[in-house]
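Step one of this worksheet: look at the structure below.
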Amino acid sequence: MTSPPNKSRKSIAIILVIVGGAVVLFLIWQVFRDPSDLSNACLEVLPQNNRVGMKFERGTDGTTVLDLSGQKGVQTGATPQQIDGFVKCLEVTKNIKVTVENAVRLPLEPVGQVANRWSRESGLKLRLMPGSNNEALNNIRIGPATGRKEDVVRDWCTQQAGACVSCEPSQPTADTVEVLVHLRDNPPLAKRQLDGVWPVPGPGIQSDPWQIVNAKGERFYYECKRP
């Protein structure tokens, strides 16, 4: 005598729940297990053969300092996105604050905002070249990314936003002073909303070109869709 079909389905569902729960617990253990040192869980975010050029020190205020100066002239293969994920992993799993030296750490933000900030800093500059759609060019997403400026810009120009912009030079080095950024013709852009509520410009006040904020305090940016 066979079991009723609905009873079989219930048994299968219970098994799937048990198996699914076991998988979730395993993933939580993998990601949040307490590593004995920095060479375990968080380093797994990086390519296994590209762990050079980084130096850790204990800051005077108790923070952990990540110095990326050793990456100069060294091809690590780790992307700025991978390094950023590595730093975030350290902050979550080790419950520490990581300060990055000799490099930049960018959140998700419009590239025009980065270009404006870097114009007042030493090192590499970004110049956004005027064109047919300056709003789009100023508000293309860059980041999250962590690394030397030239590495972050190189990855953005060729990978993250390469389908939407062209850069001169496209492969900046530590000696590059400035990178010119042009918007490509018919770039594959999608308008997205940034998290949070932003100040609404008052009457007659002109917003910065990298701030698209509506009357509700919603702010937007453009995502470059990869081919």
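Read-outs: derived from the displayed coordinates by stated rules, not from any lab. As the structure is a prediction and not an experimental result, all values here were calculated from the model. All Cβ positions, glycine included, derive from the backbone under ideal geometry; neighbour counts span all protein chains shown.
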**Complete:** Once amide hydrogens are built 1.01 Å from N within the peptide plane, the residues lying 5 or more places from Ala145 or on another chain with amide H under 5 Å from its amide H are Leu106
**Request:** Sequence neighbours fewer than 8 away in the same chain don't count; with that in mind, list the aspartates and glutamates whose C-alpha is under 16 Å from Lys149.
**Result:** Asp67, Asp84, Glu101, Glu109, Glu121, Glu168, Asp175, Glu178
**Prompt:** How many angstrom lie between the C-alpha centres of region 156-227 and region 98-116?
**Reply:** 13
**Asked** What ranking of Asp67, Asp155 emerges when the number of other C-beta atoms within 10 Å of each C-beta is taken as an exposure proxy, fewest first?
**Response** Asp67, Asp155
**Item:** Contour minus Cα-Cα distance for Asn116 and His182 (0.36 nm per residue)
**Value:** 22.2 nm
**Request:** Can you tell me how much longer the chain between Asn102 and Asp208 gets when fully stretched, taken as 0.36 nm per residue apart minus their C-alpha distance, in nm with one decimal?
**Result:** 35.3 nm
**Message:** If you take every DSSP beta bridge fully contained in region 105-224, what fraction is antiparallel? Give it as a percent rounded to 5.
**Reply:** 75
**Message:** Neighbour counts of other C-beta atoms within 10 Å: give me Asp208, Asp195 arranged from fewest to most.
**Reply:** Asp195, Asp208
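Could you put Ile140, Ile96, Ile212 in order, starting from the residue whose Cβ has the fewest other Cβ atoms within 10 Å?
Ile96, Ile212, Ile140
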**Asked** Per-residue HN-Hα couplings for region 94-111, Karplus 6.51 cos²θ - 1.76 cosθ + 1.60 at θ = phi - 60°, whole Hz, x for Gly and Pro?
**Response** 9, 6, 10, 9, 9, 9, 9, 10, 6, 6, 10, 10, 9, x, 6, 7, x, 5
